[in-house]
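To start, the structure itself, in structure tokens.
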Amino acid sequence: MTHVPSNEDGMTLTAAQLEAYLVRIGMKHPDCLDIRSLSQLHRAHLMNFTWEALDAFMGWPSAISPTAAFAKMVEGRRGGWCYEMNGLFGAALAALGFRVTRLCGGVEREKLGDIAIGNHLTLRVDLDRPYLAEVGVADAIVEPVPLALGPFSQRGFDFSIMPADGGWLRFNNHAHGIAKSFDFRPDHSDEAAMAATQGWLMQDPGSPFTNALAVLRHTADGYVALQNDRLRRVSAEGLSEQRITSADQLADIFNSVFDLDVPRPGRVWERVQAIGRDRAA
């Protein structure tokens, strides 16, 4: 099942938007729609965009459509979470002519059960065989992988795709991964479920994203992750951590480490401190 939406529903990119997207990630139109080109685009997207859930953390407005993600991430200097990262990437691939299917998944379904279904968007791209394209987990793969069962490694990190209950497949992240796994089916799309869950994740006090600052970006050998006032640098060889101690330091990290133009970073720091006080109490 392959679905490439029309421009009218905000789920793919116009020609002008596609050109701006390619400039933003430093890529040209691929000569051939093959796995080599897909891998280059996949890596370029991850090396030029930051995963972040600031909108949910700060209560700022956010929309699920790729055109909204384009305005935020390409026209602005922001990143996005799975709906935006995979949404924008899938829309760009479709505009380039790739056969793309938006798949409705569930992060931590192995722990949360079926209530998790809809909390993740991932992508299937059909070439010589189906591939999993995944730029929305933040700390996982940097290149697409065949949609097939078994273990695999990238950059020294170990992953796998294995069977899960109910006919689902489970993508298992590496040992240091923040999200340990997500479940998906190769033919399961449910835009309504994702839209509903996106709304819950944005607004509900029980959402993990309304109660914690989370920002991640891939690097040449791993990734860097900001969780509240802790900044971790992770590679296959190990990890290091430093503590953020001021609003100015946080603002500098947003800019220099994550390449983000965050409005009023001092307000973000105030919220990080408030959450820390609440947890201490």
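The values are calculated or read from the model by the stated rules, or taken from the named source; none is laboratory data. Nothing here was measured: the structure is a model prediction, and the numbers come from that model. Ideal geometry is used to build each Cβ from the backbone, glycine not excepted, and the neighbour counts take in all protein chains shown.
General observations
- Of all the listed residues (109, 129), the sole one being over 19 Å from residue 24 (Cβ atoms) and in contact with a Ser or Thr (Cβ under 9 Å, 6 or more places away or on another chain) is 109.
- In summary, residue 197 fulfils each of the numbered conditions (1) more than 25 Å from residue 119 (Cβ to Cβ); (2) assigned to a helix (DSSP H, G or I) with the single exception of condition (1).
- Listed by position, the strands (runs of 3 or more DSSP E) enclosed by the range 65-168 that each have at least 2 residues that are among the aliphatic types (A, V, I, L, M), at pLDDT 95 or above and buried (at least 19 other Cβ atoms within 10 Å of the Cβ) are 99-107, 120-126, 130-133.
- For the range 229-243, residues that are surrounded by fewer than 19 Cβ atoms within 10 Å (Cβ to Cβ) and in contact (Cβ under 8 Å) with a residue 24 or more places away in the chain total 5.
- Residue count for the range 33-53 under the criterion of being in contact (Cβ under 8 Å) with a residue 12 or more places away in the chain and assigned to a helix (DSSP H, G or I): the result is 12.
- Screening residue 36 on (1) over 23 Å from residue 253 (Cα atoms); (2) within 18 Å of the chain's Cα centre (by Cα) shows it passes everything except condition (2).
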